[in-house]
1. Working only within region 65-95, note down all residues that are within 30 Å of residue 129 (Cβ to Cβ) and of a type in the set (S, T, N, Q).
2. Which of the strands (runs of 3 or more DSSP E) contained wholly in region 109-185 include at least 3 residues that are on the phi < 0 side of the Ramachandran plot, among the aliphatic types (A, V, I, L, M) and over 21 Å from the mean Cα position of the chain (by Cα)?
3. Could you please find all residues in region 123-152 being free of Cβ contacts under 8 Å to residues at least 60 places away in the same chain and within 30 Å of residue 81 (Cα to Cα)?
4. Given the residues 43, 77, 71, which is the only one that is at pLDDT 85 or above, touching a strand residue (DSSP E or B) at 6+ places or on another chain (Cβ under 8 Å) and either basic (Lys, Arg) or exposed (fewer than 13 other Cβ atoms within 10 Å of the Cβ) (or both)?
5. Residues being closer than 27 Å to residue 43 by Cβ and either exposed (fewer than 14 other Cβ atoms within 10 Å of the Cβ) or hydroxyl-bearing (Ser, Thr, Tyr) (or both): count how many of those fall in region 80-105.
6. Mind counting the residues in region 60-102 that are outside any loop (DSSP other than H, G, I, E, B) and closer than 28 Å to residue 159 by Cβ?
7. Restricting to region 106-132, and then to whatever is touching a helix residue (DSSP H, G or I) at 6+ places or on another chain (Cβ under 9 Å) and closer than 19 Å to residue 162 by Cα, can you tell me which residue is surrounded by the fewest Cβ atoms within 10 Å (Cβ to Cβ)?
Amino acid sequence: MLKTHIVLAGLVAMAGAAAPAVAQKPITKVNAISATATVQAIDSTARKVTLRNDKGEEDTFVVGPAMKRFDELKVGDKVKVTYYESLVLQVRKPGEKTNVAGVDAALTRAKGEMPGATLAAQEKMSVTVKAIDAKLPSITVTTDDGRTVTRKVENKKYLEGVKVGDKIDVTYTESIIMDVQRAAS
């Protein structure tokens, strides 16, 4: 399950919020990181695989039973992993319909010749603006479960148009895509 504090930390990312707060357009931040590593060793009994990245750094990982095709891995195979993360913030005025809070997750296994999978999770929540300190600048919100959270905002103009009582819908999505490519023979 995603950590709510990560989602709430996204309130700091209100970069560009001045115009969207008035126009009611969502604010979106996206990050993607990719890495490729080569399988160096496999311990089938302990379900461990040792990978080496392009910098020559090695690390050993325990692979759980969720990876059904573990026995198909071979030394020399390339493992590509891509991590995506996005955060969408939408300011809503009192009375406007907001997000339905919840967490969704999905796992899709590759059906092709080589092992692979996509794991994705999304958390949605709405927070209510409780206080704004334009001097600091910071914003204090309350969550649906009653917690109060205060976060510093990067630039006070990001708070323009945001008022006490407004709701901020927060949607945090992350996914990991893993793909194995057979070593050249």
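The values are calculated or read from the model by the stated rules, or taken from the named source; none is laboratory data. None of the values given here were measured: they were computed from a predicted structure. Note: ideal-geometry Cβ built from the backbone for every residue, glycine included; neighbour counts use all protein chains shown.
1. 86, 90
2. 116-133
3. 124
4. 43
5. Looking only at that region, the number is 2.
6. Residues flagged as outside any loop (DSSP other than H, G, I, E, B) and closer than 28 Å to residue 159 by Cβ within region 60-102 amount to 9.
7. 132
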